[in-house]
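As structure tokens, the structure follows; a few thoughts come after it.
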Amino acid sequence: MYKAAYNGKEISRQLGEFFNSGDYGPEMIKLLRVVLDKESIPYKGSIQNALVLPGGTFKFGSITKMVDPSSKKMKQAFEEYRKYKGVVVKNVRAELLGKLYVRFLFELDEVPKSVFFNLQRKDSLKVWNNKSLGTVVMENKNKLFKKGKNIVHLKIGNKKHPLNKLINQMKIKDTRFLADRYRIIIAASRDTKKYGEIETNIFRAKYFKDPKALETYNKLSIKELNLCLGKTGAELILFLGDRRFYVCPESAPKNDDGTCKSGMTPYGHFSNKSKEENLAERDKWIIANCPKDGPGDYVLKIIDKNNVCLGKKGRDLIRVLKDSTFYVCPPKAPRGRDKLCTSGIIPYMNNSETFEENIRSRNNWIMQNCP
């Protein structure tokens with residue numbers, strides 16, 4: 001490579017072949033980063049695109065002379081890098097959730113400016129060859145990454161997600177055996193130039209059939225993904241009304257009330273069952289997995305129609321409430337006039353900017369759930 005130091009086209013080609021070969025590890029990346037720190041490297045390239053230059057070829061590059069760093073310069077660079085403390089990454093984990101989702105979990109000791117992801121592959125029956133499948137650097141533009149626990153959760157095949165470039169390279173199998181192994185490498189930077197120590201995790205690209213996938217998803221995801229929307233079991237059941245309950249990544253489209261527009265149903269929902277049967281399965285799952293209000297039968301008493309609607313039709317209940325907030329409370333809780341709860345669960349969106357919007361939200365919920 002040094003012989004091509006004065007030829008931008010040739011050194012660009014050789015560097016490209018080197019990194020494309022995958023015949024290197026994190027140590028080599030770090031070595032180049034230290035030795036070539038602040039060094040200019042010649043490069044050359046061209047683009048043929050009507051949007052860039054109609055009817056022609058756009059050429060770019062630099063003919064900067066590449067100078068072999070002196071031993072003094074190299075020693076100084078290593079000393080400086082040894083003292084450098086970058087953003088710390090730890091507890092890296094990669095998981096496949098059924099056929100639909102992949103997620104990467106990791107912790108950071110501070111808010112980064114960018115995060116580096118590299119995916120490598122190891123064939124099950126071959127020796128580890130460090131074959132790099134791709135690298136993606138994500139800038140922290142929309143505060144996607146934060147101090148503490150981070151979860152990057154994406155749907156397989158989502159071409160709009162930056163990490164799809166990596167996931168698309170994986171061969172995912174529905175088997176426990178002979179599934180390929182992969183290594184995810186993550187590092188973070190506070191200035192997009194220097195990165196801290198890397199952290200890695202080796203995982204198999206396999207998924208289980210639906211029951212097992214759902215069991216794993218539920219076990220690992222409840223607290224981490226805030227699937228219950230920060231509500232107790234009774235709160236969530238009342239909030240949802242008769243709607244189907246979906247779980248989805250943080251970046252997925254949401255309704256105005258924070259619920260997912262689509263995603264994975266974490267309970268047994270079947271088209272050949274009645275609406276009442278599917279809702280019963282939904283409620284059973286929520287009671288078992290979301291924060292507890294009390295024993296299961298206690299929750300059922302709270303959400304019972306007679307307790308919620310006080311035996312009244314929606315219009316009659318709205319007339320009795322007038323401009324008051326509507327609460328749902330346990331059957332034996334203290335009550336005020338007309339048996340109305342004086343405190344408890346507010347089952348509708350009550351955080352709008354205007355009083356009128358909150359009353360409208362209350363009335364819509366009552367008419368839907370107390371027909």
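The values are calculated or read from the model by the stated rules, or taken from the named source; none is laboratory data. What you see is a predicted model, and the numbers here were worked out from it, not measured in a lab. We place every Cβ from the backbone using ideal geometry, glycine too, and count neighbours over all the protein chains shown.
Can you give me the number of residues within segment 232-249 that are surrounded by 19 or more Cβ atoms within 10 Å (Cβ to Cβ), charged (D, E, K, R) and assigned to a loop (DSSP other than H, G, I, E, B)?
0
Which is at pLDDT 85 or above, more than 22 Å from Cys260 (Cβ to Cβ) and touching a helix residue (DSSP H, G or I) at 6+ places or on another chain (Cβ under 8 Å), of Phe117, Phe78?
Going through Phe117, Phe78 in turn, just one is at pLDDT 85 or above, more than 22 Å from Cys260 (Cβ to Cβ) and touching a helix residue (DSSP H, G or I) at 6+ places or on another chain (Cβ under 8 Å): Phe117.
Is there a residue in segment 329-340 that is among the basic types (Lys, Arg), closer than 30 Å to Leu163 by Cβ and either free of Cβ contacts under 8 Å to residues at least 40 places away in the same chain or touching a Gly at 6+ places or on another chain (Cβ under 9 Å) (or both)?
Checking segment 329-340: not a single residue is among the basic types (Lys, Arg), closer than 30 Å to Leu163 by Cβ and either free of Cβ contacts under 8 Å to residues at least 40 places away in the same chain or touching a Gly at 6+ places or on another chain (Cβ under 9 Å) (or both).
From the list Cys341, Cys290, which one is buried (at least 18 other Cβ atoms within 10 Å of the Cβ) and touching a strand residue (DSSP E or B) at 6+ places or on another chain (Cβ under 7 Å)?
That would be Cys341, the only listed residue that is buried (at least 18 other Cβ atoms within 10 Å of the Cβ) and touching a strand residue (DSSP E or B) at 6+ places or on another chain (Cβ under 7 Å).
If you go through segment 130-149 one residue at a time, how many are more than 21 Å from Lys90 (Cβ to Cβ) and of a type in the set (Ser, Thr, Tyr)?
So the answer is 1.
Please state which one of Asn358, Asn307 is on the phi < 0 side of the Ramachandran plot, assigned to a helix (DSSP H, G or I), touching a strand residue (DSSP E or B) at 6+ places or on another chain (Cβ under 9 Å) and surrounded by 13 or more Cβ atoms within 10 Å (Cβ to Cβ).
So the residue among Asn358, Asn307 that is on the phi < 0 side of the Ramachandran plot, assigned to a helix (DSSP H, G or I), touching a strand residue (DSSP E or B) at 6+ places or on another chain (Cβ under 9 Å) and surrounded by 13 or more Cβ atoms within 10 Å (Cβ to Cβ) is Asn307.
Looking for whichever is of a type in the set (D, E, K, R), out of contact with any His (no Cβ under 8 Å at 6 or more places or on another chain) and in contact (Cβ under 8 Å) with a residue 60 or more places away in the chain here; the options are Lys312, Lys273, Lys292. Which one fits?
Exactly one residue qualifies, and that residue is Lys292.
Which members of segment 250-290 meet the condition of being polar (S, T, N, Q), at pLDDT 90 or above and part of a helix (DSSP H, G or I)?
Selection gives Asn278 alone.
Tell me, which residue of segment 81-114 that is more than 23 Å from Asn158 (Cβ to Cβ) and modelled with pLDDT under 80 is surrounded by the most Cβ atoms within 10 Å (Cβ to Cβ)?
Checking each candidate, the answer is Tyr81.
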